[in-house]
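Peer 1: Mind looking over this structure? Questions follow.
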Amino acid sequence: MNLSQRIRKLIAKAIFGFDLLEKGDKIVIALSGGEDSLVLTHYLSEWIYYYNTNLHIYGVHLDMGFPKDENEYEKKVQYLRKFCEERGIVFLFEKLNVGEIVFEAEKNKKASPCFLCSWYRRKYLFNLVDKLKVKKLVLGHHKDDVIATFFMNMFYCGELSTILPKQSMFNGNLFIIRPLYFVEKDMISRFVKLNGWQVLANPCPYSDKTKRAFWNKFLEEHFFSKDPVLKRNVFSAFFNPKLEYLPSKPKKGKA
């Protein structure tokens, strides 16, 4: 089985295993232009033809307003537009002024830049899916992100949790779905390189300073690169919890 077939099989495992898509679905893909979103867009466009699902797909790219080479950026955006149109996907593009807001907040130490950026991005996407009457928002989180989020939540939030393949929002009026749930980042990178696709680099100056970026790098350098079995075992553990061997909260005693 070649790389393309392996990725397709893993995406199918997520879609069928978690009921991510149904015939006639209208979906919006958050299309950053990075490796993950390119692979996601490519395979979901294939899904229409492989499984006759009659999907209606929108790919939306947001310019968050961070400083960059505008001419080079415009070329990459046009590449994204063509990438979508060649695959029968409606391309949407919107400019936001989030960069200015983020810099001002950081300067005044009012809020985390990453929190603000994420909040505004989600807000726009939620408003868009409501306007388009779309019930499924597709994000490009992959297997490595799922594992990294588990460690982030454990260390920073004191809880055992991670991102889900299908997450209900707004009382079931919207679902966030993640078809790359079983696909490793290395497979995604190799597939993009194999196809010679152009990647749009994230212009955000904080993109490589996020907690998820740190944990993805830390886990790969210190654990998974030394023994690949560790990644498989950590991921498998999410589906094999032994709740009887985890303590419950103690009863409140009298002082």
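Peer 1: Give Arg87, Arg6, Arg81 a once-over and let me know the one that is among the basic types (Lys, Arg), at pLDDT 95 or above and within 26 Å of Phe126 (Cβ to Cβ). If you could, list the steps in order and put the result at the bottom.
Peer 2: Numbers: Arg87 fails: at pLDDT 95 or above; Arg6 fails: within 26 Å of Phe126 (Cβ to Cβ).
Only one candidate qualifies: Arg81.
Peer 1: Out of everything in the range 210-255 that is within 25 Å of Ser118 (Cα to Cα) and among the polar types (S, T, N, Q), what residue ends up being surrounded by the most Cβ atoms within 10 Å (Cβ to Cβ)? Spell out how you get there, then give the answer.
Peer 2: Of all residues in the range 210-255, those within 25 Å of Ser118 (Cα to Cα) come to 210-220.
From what is left, the residues that are among the polar types (S, T, N, Q) are 210, 216.
On the way: Thr210: 18, Asn216: 20.
Within the range 210-255, the match that is surrounded by the most Cβ atoms within 10 Å (Cβ to Cβ) is Asn216.
Peer 1: Residue under question is Asn52, and the condition is that it be over 22 Å from Lys193 (Cα atoms), at pLDDT below 90 and surrounded by fewer than 20 Cβ atoms within 10 Å (Cβ to Cβ); does it hold? Spell out how you get there, then give the answer.
Peer 2: Numbers: over 22 Å from Lys193 (Cα atoms): yes; at pLDDT below 90: yes; surrounded by fewer than 20 Cβ atoms within 10 Å (Cβ to Cβ): yes.
In short, yes.
Peer 1: Give me the pairs, please: first residue somewhere in the range 42-63 and closer than 16 Å to Glu86 by Cα, second residue anywhere and of a type in the set (Ser, Thr, Tyr) and assigned to a helix (DSSP H, G or I), beta-carbon distance under 6 Å, and either six or more positions apart or on two chains.
Peer 2: Listed pairs, sorted by first residue: Gly59/Thr41.
Peer 1: Collect the residues in the range 1-43 that are assigned to a helix (DSSP H, G or I), within 21 Å of Lys185 (Cβ to Cβ) and of a type in the set (Phe, Trp, Tyr), keeping them in residue-number order.
Peer 2: Kept after step one, since they are assigned to a helix (DSSP H, G or I), are these residues of the range 1-43: 3-17, 35-43.
If we keep only those that are within 21 Å of Lys185 (Cβ to Cβ) too, we end up with 3-15, 17, 35-43.
Tyr43, the sole residue that qualifies.
Peer 1: Here's something else I'd like to know. Could you tell me which residue of the range 227-251 is farthest from Lys143 (Cα to Cα), considering only residues that are without any contact (Cβ under 8 Å) to a residue 24 or more places away in the chain and of a type in the set (Phe, Trp, Tyr)?
Peer 2: Restricting to residues being without any contact (Cβ under 8 Å) to a residue 24 or more places away in the chain and of a type in the set (Phe, Trp, Tyr), the top hit is Tyr245.
Peer 1: Looking for whichever is under 17 Å from Ser207 (Cβ atoms), touching a strand residue (DSSP E or B) at 6+ places or on another chain (Cβ under 7 Å) and not acidic (Asp, Glu) here; the options are Leu96, Leu80, Leu92. Which one fits?
Peer 2: Criteria check complete, one pass: Leu96.
Peer 1: Let me ask another. Within the range 235-255, work out how many residues are hydrophobic (A, V, I, L, M, F, W, C) and at pLDDT below 95. If you could, list the steps in order and put the result at the bottom.
Peer 2: To start, the set of residues in the range 235-255 that are hydrophobic (A, V, I, L, M, F, W, C) comprises 235, 237-239, 243, 246, 255.
Filter once more, so that each one left must be at pLDDT below 95: 243, 246, 255.
So the answer is 3.
Peer 1: Under the condition of being of a type in the set (A, V, I, L, M, F, W, C), surrounded by fewer than 16 Cβ atoms within 10 Å (Cβ to Cβ) and within 28 Å of Val28 (Cα to Cα), which residue from the range 103-125 is modelled with the lowest pLDDT?
Peer 2: Phe115
Peer 1: If you don't mind, there's one more thing I want to ask. Scan Phe175, Phe182 and give me the residue that is at pLDDT 95 or above, touching a Ser or Thr at 6+ places or on another chain (Cβ under 8 Å), surrounded by 15 or more Cβ atoms within 10 Å (Cβ to Cβ) and of a type in the set (Phe, Trp, Tyr). Give the derivation first.
Peer 2: Details: Phe182 fails: touching a Ser or Thr at 6+ places or on another chain (Cβ under 8 Å).
Residue meeting the stated conditions: Phe175.
Peer 1: Which numbered condition in (1) in a helix (DSSP H, G or I); (2) surrounded by 15 or more Cβ atoms within 10 Å (Cβ to Cβ); (3) of a type in the set (Ser, Thr, Tyr) is the only one that Ser189 fails?
Peer 2: (2)
Peer 1: Right, something else. Could we say that Glu46 is surrounded by fewer than 16 Cβ atoms within 10 Å (Cβ to Cβ), more than 20 Å from the chain's Cα centre (by Cα), not polar (S, T, N, Q) and not in a loop (DSSP other than H, G, I, E, B) here? Quick ask: steps written out before the conclusion?
Peer 2: Numbers: surrounded by fewer than 16 Cβ atoms within 10 Å (Cβ to Cβ): yes; more than 20 Å from the chain's Cα centre (by Cα): no; not polar (S, T, N, Q): yes; not in a loop (DSSP other than H, G, I, E, B): yes.
Spelling it out, it is not the case that Glu46 is surrounded by fewer than 16 Cβ atoms within 10 Å (Cβ to Cβ), more than 20 Å from the chain's Cα centre (by Cα), not polar (S, T, N, Q) and not in a loop (DSSP other than H, G, I, E, B).
Peer 1: Filtering the range 199-219 down to residues that are among the aromatic types (Phe, Trp, Tyr) and assigned to a helix (DSSP H, G or I), which residue is farthest from Gly34 (Cα to Cα)?
Peer 2: So in the range 199-219, the residues among the aromatic types (Phe, Trp, Tyr) come out as 206, 214-215, 218.
Next cut, assigned to a helix (DSSP H, G or I) only: 214-215, 218.
Details: Phe214: 18, Trp215: 19, Phe218: 21 Å.
Among residues in the range 199-219 that are among the aromatic types (Phe, Trp, Tyr) and assigned to a helix (DSSP H, G or I), the one farthest from Gly34 (Cα to Cα) is Phe218.
Peer 1: Working carefully through the options Gly65, Gly99, find the one that is over 18 Å from the mean Cα position of the chain (by Cα), outside any helix (DSSP H, G or I) and not aliphatic (A, V, I, L, M).
Peer 2: Values: Gly99 fails: outside any helix (DSSP H, G or I).
Just a single option satisfies the conditions, and that option is Gly65.
The values are calculated or read from the model by the stated rules, or taken from the named source; none is laboratory data. Owing to the predicted nature of the structure, the values given are computational and were not obtained by experimental measurement. Glycine gets a Cβ as well: all are built from the backbone with ideal geometry, and neighbour counts include every protein chain shown.
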